[in-house]
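The values are calculated or read from the model by the stated rules, or taken from the named source; none is laboratory data. The model shown is predicted, which means the values in this text are computed figures rather than measured ones. Because the Cβ atoms are built from the backbone with ideal geometry, glycine has one as well, and the counts that use them run over all protein chains shown. Heavy atoms of the whole protein, side chains included, go into the accessibility calculation; ligands, DNA and RNA do not. Shrake-Rupley method; radii C 1.70, N 1.55, O 1.52, S 1.80 Å.
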Amino acid sequence: MSLKLRLIILEFLQFFIWGSWLISLGGYLSYGLEVPANGSQIGAIFATSGFAALITPGIMGIIADKWVNSERLLSICHIIGAIVLYFASRASSYEELFPLMLLNALVFMPTIPLSSSVCYSLLTRSGLDPVKVFPSIRVWGTVGFIIAMFTVDLSGWKISSNQLLLASATALTLAVYAFTLPASPPLKKKIKNWKSAFGLDALVLFRKKYMAVFFVFCVFFGVCLQITNSFSSSFILGFGNAEVYGDKYLNTFTIKHSNIFLSISQVSEALFILAIPFFMKRYGIKKVILISLCAWFLRFAFYGIGNPGSGVVWLILSLIIYGMAFDFFNISASLFVEKEAPQHIRASSQGLLMMLSGGLGSIIGNLTAGYIVDYHTANAVTDWSAIWCFFAVYVLIIGILFAVFFRYKSDRVETAGV
C-alpha cells in the first residue's frame, strides 16, 4: 500500500469520527436523549470543543515535539476517545453527558493537528512536498465526514445514541491503524519559555495595529462558525413536531433524511475551496472576508425564511452558501496569517488563530446561541425564524464594523499560498 493511500485512510477515519455526531448530536440531545436537553445545555456541550481547543492541542504538541512519536500519541488519544464515547452513548441526561463530551473534546481536538503532523512528517521523509500533496489527502477527510453523516442518516441513528457508538468504534479502529503507520519521532525541540510551550510566540503580532484588529475580529467571526453545526439538526427536526405543524412536513425528504440534507453544506465547503485562489488574487483579504460575512448573513437569513415545504429552496440555498461563508473566512484567514507572520512563528500564529476563532469564538458562540434558543422557546416550541434573524443582524453589524476598522493596504497577501 502506497504512503499516500495510507495517509488518505488516516484522514478519512479522523473526520469520519467527527462526522458521526457533530451535525446530528443536536437533534439527539433535543429529541432522543432520555431527558431532553434545552438550548443552553446543547450550547454548553458543543462549547466543549472550544474549551478543548484552548488547552490540549498546545499540550499535546509539546509532548509530540519532545517525548512521544506523533502516531503513538494520536493512537493513545483515540483509544481514550473511544472509551469515553462508548460511555457517552449510555448517558441518559445532560448532567451525565456533559463531562464525558468535555473529556472527549479534550482528547479529540489535539488529534486534528496531530494527524496533519503525521502526514507532514511522513511526506517530507519520503521526499514529497506536503504543500503540493497534502491537500489531495486532506480532502478525503471531508469525504469521510460526509459519508459518516450518510451512514448515521440511513441507519436511522439521527436521534439515537448509536451515532456515538459509531464514533467510538471508528476511533478504536483509527487507534489500532495509527500504530501501523511509519514512525514520526519527536524532533526534541528546545522550548524557550512558557509562551513557546503553548504556541503563544505569535502574540508579538498584536504589536501591528491591523493584525491586532484582525485577531479581535477573528473571535467575532468564530462565533458564527459553530452555531449552525450545533443547532441545524434541532432546527430541521423541529419541523417534524406534529403538535405545531401536524403532518405537513413529516414525509418530506428534509425531515426523513435530515443528515443527508444537511451534508449539502459539507459538499459545498469542499467545492468552494477551489474558488479561493481566484478571489484572493482578484480582491485581497479584506474583500474576501467581507464576502464571507455577506455569505454568513445570507446563511442565517435563508434559514430564517425557509421550511421543508414550499420554502425548501431557501434551506438549500443556505446550505450551499455555507461553503463560501466557512471557507472564505477559514482558508483566507489562514493564508493571511501565514503571509504576515515571520517564518519562525508561523506555526504559533496558526495556533493563535485556531485558539481565537475555533476556541474563544466557539465558546462565546455556542453559549450565546444556547441562551438565545432558550429565550425564544416557550412551551417546547422554538421560534427559529427569530433566532436566525438575530444572528443575521449580528453578522451584518460585525461586517460593517470590520469594513470600518480593518485597514490593510498591502496587496502582498493576494498571492500568498496560491
- Return yes when Arg299 is of a type outside the set (S, T, N, Q), over 28 Å from Asn259 (Cβ atoms) and either open to solvent by 50 Å² or more (accessible area, probe 1.4 Å) or part of a helix (DSSP H, G or I) (or both) and no when it is not. no
- Task: Report those helices (runs of 4 or more DSSP H) wholly inside region 237-284 carrying at least 2 residues which are over 23 Å from Asn330 (Cα atoms) and open to solvent by 20 Å² or more (accessible area, probe 1.4 Å).
- Result: 242-245, 253-256
- Expected output for region 211-237 (first residue more than 15 Å from Ser30 (Cα to Cα), partner open to solvent by less than 10 Å² (accessible area, probe 1.4 Å) and not in a helix (DSSP H, G or I), Cβ below 8 Å, 6+ apart or cross-chain) is Val213/Phe406; Phe214/Phe406; Phe217/Phe406
- Query: If you scan region 101-118, which residues turn out to be hydrophobic (A, V, I, L, M, F, W, C) and closer than 26 Å to Ser263 by Cα?
  - Reply: Met101, Leu102, Ala105, Leu106, Val107, Phe108, Met109, Ile112, Leu114
- Mind checking which residues of region 126-154 are over 19 Å from the mean Cα position of the chain (by Cα) and of a type in the set (Val, Ile, Thr)? Val131, Val133, Thr151
- Restricting attention to region 135-144, does a residue exist that is farther than 20 Å from Phe15 by Cα and open to solvent by less than 40 Å² (accessible area, probe 1.4 Å)? no
- helices (runs of 4 or more DSSP H) within region 1-83 that include 1 or more residues more than 19 Å from the chain's Cα centre (by Cα) and among the hydroxyl-bearing types (Ser, Thr, Tyr): 25-31, 39-66
- Item | Cβ-Cβ under 7 Å pairs, at least 6 apart or on other chains, region 1-20 side more than 14 Å from Trp140 (Cβ to Cβ), far side of a type in the set (Gly, Ala, Ser) and open to solvent by less than 30 Å² (accessible area, probe 1.4 Å) | Ser20/Ala148; Ser20/Ala167
- Taking only region 1-28 into account, find how many residues are under 25 Å from Ala380 (Cβ atoms) and surrounded by 24 or more Cβ atoms within 10 Å (Cβ to Cβ). 7
- Hey, can you tell me all the residues within region 92-111 that are among the aliphatic types (A, V, I, L, M), surrounded by 19 or more Cβ atoms within 10 Å (Cβ to Cβ) and either in a helix (DSSP H, G or I) or without any contact (Cβ under 8 Å) to a residue 60 or more places away in the chain (or both)? Leu97, Leu100, Met101, Leu103, Ala105, Leu106, Val107
- Of the residues in region 362-418, those that are at pLDDT 90 or above and among the charged types (D, E, K, R) number 2
- Which number in (1) under 27 Å from Thr151 (Cβ atoms); (2) open to solvent by 30 Å² or more (accessible area, probe 1.4 Å); (3) under 21 Å from the mean Cα position of the chain (by Cα) marks the one condition that Val312 misses? (3)
- Are any residues in region 84-114 of a type in the set (Phe, Trp, Tyr) and either under 18 Å from the mean Cα position of the chain (by Cα) or farther than 11 Å from Thr48 by Cα (or both), and if so, which ones? Tyr86, Phe87, Tyr94, Phe108
- Query: Does Thr173 count as within 29 Å of Leu237 (Cα to Cα), touching a Leu at 6+ places or on another chain (Cβ under 8 Å), at pLDDT 95 or above and open to solvent by 10 Å² or more (accessible area, probe 1.4 Å)?
  - Reply: no
- Hits in region 112-129 (condition: open to solvent by 30 Å² or more (accessible area, probe 1.4 Å), part of a helix (DSSP H, G or I) and not polar (S, T, N, Q)): Ile112, Pro113, Tyr120, Arg125
- Task: Please indicate, with yes or no, whether at least one residue in region 182-191 is crowded, with 21+ Cβ neighbours inside 10 Å and modelled with pLDDT under 95.
- Result: yes
